[in-house]
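Colleague: Before I ask anything, let me first share the structure, which is written out below as structure tokens.
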Amino acid sequence: MSQPHVIIAGGGIGGLATALTLQQIGVPFTVFEAVRDVAPLGVGINLQPNAVRELYDMEIGEEALDTVGLPAKEWALVGLNGNDIYAEPRGLLAGYNWPQYAVHRGLLHVLLHDTLVARSGPGAVRLGHRVTGYENNADGTVAVHVERADGTRLSETCTALIGADGIHSAVRAHMHPDQPPIHWGGAVMWRGTTTGKPFRTGSSFIGLGTHRHRVVIYPISHPDPVTGLATINWIAELTVDKSEGRGDGDWFRPVEVDEFIHHFDGWTYDWLDVPDLLRRADIAYENPMIDRDPVPTWQDGGVALLGDAAHAMYPTGSNGASQAIIDARVLGACMIEHGVGEAALAAYDAKLCGPISKLVLRNRGAGPFGLLNMVDERCGGEFDNIDDVIPPAERDDFMAKYKAVAGFAIEQLNKAAPTIAPGQRVAKPVDAWTVSGAPSDRPAGQRPTPRGASG
Ligand SMILES: Cc1cc2nc3c(=O)[nH]c(=O)nc-3n(C[C@H](O)[C@H](O)[C@H](O)COP(=O)(O)OP(=O)(O)OC[C@H]3O[C@@H](n4cnc5c(N)ncnc54)[C@H](O)[C@@H]3O)c2cc1C
């Protein structure tokens, strides 16, 4: 090949963050996305300060993020009796240099897509193109096999293939054909949104209940200035008998609230009425809490996995989307250091696969919700003063350890150099590469004057 060209399988949060990063550092790319239309699907997700920092470095700042969510102010665990177990400030209030954002996943997705298309042109994302497999060629290139929505097929050759095609990744299945099926631990989540009044600080993430039976609630929009009402995201969770076999279900099955609301009868407090919140849902889905067993490597020659394809994890740590964004930036930094090719992918794999695989397993153990397990074990969830059950120092120590593993320890993050410094690009400038074909045919990163690429 006369010039590097990266193919990204999957235009979700991770794939689009990768594309925006490659555009920024001057690497030509094309995103192949299976769905035909980009729609704002999903409900709430959290962007941790480490990921928000990376978005800011991609020139997706506060103004843009405020259109898809709001800065989080507090993270709190509350027992079934309504008493606090743990509460801490989040984002800027906690001392991070960057906020944590609670956002609507679908709106964030559309924001990333539209930003990419504005910077790189409409050819950046080829919708209705499903990657079905690949081969590493003897000359170091990769042949990528694609099926279009109309059933026709094509093969494209590239320098590197990034499999960002989600939890059901075809690239991962090709790389690890013997991987076990999806793993389900027995928890079912019903997720949805309700228009309502925000609680506590006005932007608090609240986990209420026990580790086997809980609700998680947080707003994902700024309140309407007239009504004071916001979009409240909620996740109602229950651990059931695994023989019920819901683990192989769809990622997001639309569901009627009546199917599950009875599990939360009586969860009424002076500041929160859970049944009322669920009953007034704008939308509700059922999805099993699933992940995948870690694999020993995310790299196979010129192919690497990224985001959920690499490390689908339980959402207990609120870091699936954040980690996908971090992956994209680390990959970009490795390309700046090693050039576009196998060496960069190997460096990326060496840096992330081991530690993030450990994080997957740690989230299986309930992640930061592990404090609820401890309360349950020590007092069956019944307490007047939490200090008698878990002393403050032990609670703080538990949370500090989780943050260190997840990469959002405050001091560490604040003093870390940017993953990609402003103006950094891959060694060979795009302008020196031969550009061939009509603008709509050429790889997206090849635009002569890309926005956000200053070097
Ligand atoms: C429709 C949808 C809704 C979601 N809603 C939520 C939510 O409400 N809360 C939450 O915590 N998480 C949600 N997630 C998951 C969350 O987005 C991810 O856990 C996280 O953001 C990591 O992103 P990712 O890009 O790795 O994976 P994803 O965001 O899952 O993106 C993967 C992308 O790859 C595409 N794709 C799949 N197979 C192929 C293929 N073979 N070839 C080409 N493209 C392919 C998919 O269409 C998708 O766009 C949702 C995912 C999807 C796809």
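Colleague: What range in the chain is the longest one free of trypsin sites (Lys or Arg not before Pro) that are in a loop by DSSP and have at most 13 other Cβ atoms within 10 angstrom?
Modeller: It works out to 37-450.
Colleague: Specify the angular offset, from 0 to 90 degrees and rounded to the nearest 10, of the alpha carbon long axis of helix 392-406 from the longest principal axis of the alpha carbons in the chain.
Modeller: 20 degrees
Colleague: Around Val330, under 12 Å between beta carbons, what's the net of Lys plus Arg minus Asp minus Glu among the other residues?
Modeller: Value of the local net charge: -2.
Colleague: Using a Cα-Cα cut-off of under 17 Å, which lysines could be cross-linked to Lys73, ignoring same-chain neighbours fewer than 8 residues away?
Modeller: Correct list for Lys73: Lys197, Lys403.
Colleague: On to the next question. Would you pull out the residues with amide H under 5 Å of Phe205's amide H, same chain only if 5 or more places away, H placed 1.01 Å from N?
Modeller: For Phe205, the qualifying residues are Lys73, Glu74, Trp75, Ala76.
Colleague: How large is ³J(HN,Hα) for each residue in region 103-119, as worked out from phi by the Karplus curve 6.51 cos²θ - 1.76 cosθ + 1.60 (θ = phi - 60°), to whole Hz, x for Gly and Pro?
Modeller: Per-residue couplings from phi come out as 10, 7, 3, x, 5, 4, 4, 5, 4, 5, 4, 5, 5, 5, 5, 5, 7 Hz.
Colleague: Please label the shape of region 158-280 as rounded, prolate or oblate, based on the square roots a ≥ b ≥ c of the eigenvalues of the alpha-carbon gyration tensor (a/c under 1.5 means rounded; beyond that, a/b larger than b/c means prolate, else oblate).
Modeller: Oblate.
Colleague: Got a sec to turn the phi values of region 320-336 into Karplus ³J(HN,Hα) couplings, 6.51 cos²θ - 1.76 cosθ + 1.60 with θ = phi - 60°, whole Hz, x for Gly and Pro?
Modeller: These are the phi-based 3J(HN,Hα) values: x, 5, 4, 5, 4, 5, 4, 3, 4, 6, 5, 4, x, 4, 5, 5, 4 Hz.
Colleague: Right, something else. Specify the angular offset, from 0 to 90 degrees and rounded to the nearest 10, of the alpha carbon long axis of helix 342-364 from the longest principal axis of the alpha carbons in the chain.
Modeller: Roughly 10 degrees, rounded to the nearest 10.
Laboratory data are not the source of any read-out in this text; all were calculated from the coordinates shown. Bear in mind the structure is a predicted one, so any value in this text is a computation, not a measurement. Here the Cβ is made from the backbone with ideal geometry for all residues, glycine too, and neighbour counts use every protein chain on show.
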